[in-house]
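A.B. asks: I am attaching a structure below and will ask some questions about it afterwards.
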Amino acid sequence: MTEHEHSNQFLANNQQELEPAIVEDELAEIRLYDERKIGELIPTIITVGTKSHDTTLSDLNIKKDQSSRWQQLPKIPEPQFNEEMFDIEQNKMDH
């Protein structure tokens, strides 16, 4: 099970018992994983540079700054990304 799947499962299993701040933190983590995946997909489904597709950012209701930020996330090697996410998780537990 990936860390992302683990987070989703954790939320599903503990939804009633969680403090709002914990839920917000978990959702932020899930959002980062999702944004990373979207960043991988954007160049394959929209016009980027000289590659042409029928779909545009505005068709997907995605702003240029979002697209740019999301496309930077997959450039971080997956082991490094996962390690940074783990470090963030550990930091939350320490505080």
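A.B. asks: Any idea which of LEU41, LEU57 is under 13 Å from the mean Cα position of the chain (by Cα) and aliphatic (A, V, I, L, M)?
C.D. replies: LEU41
A.B. asks: Okay, next question. Can you confirm whether ILE42 is at pLDDT 90 or above, surrounded by 14 or more Cβ atoms within 10 Å (Cβ to Cβ), of a type in the set (Val, Ile, Thr) and in a helix (DSSP H, G or I)?
C.D. replies: The answer is yes for ILE42.
A.B. asks: Is it the case that PHE81 is in a helix (DSSP H, G or I), surrounded by 13 or more Cβ atoms within 10 Å (Cβ to Cβ) and at pLDDT 90 or above?
C.D. replies: When the stated conditions are applied, PHE81 passes them.
The values are calculated or read from the model by the stated rules, or taken from the named source; none is laboratory data. Just so we're clear, the structure is a prediction, and the values are computed from it rather than from any experiment. Cβ coordinates were reconstructed from backbone atoms using ideal geometry, including for glycine residues, and neighbour counts include every protein chain displayed.
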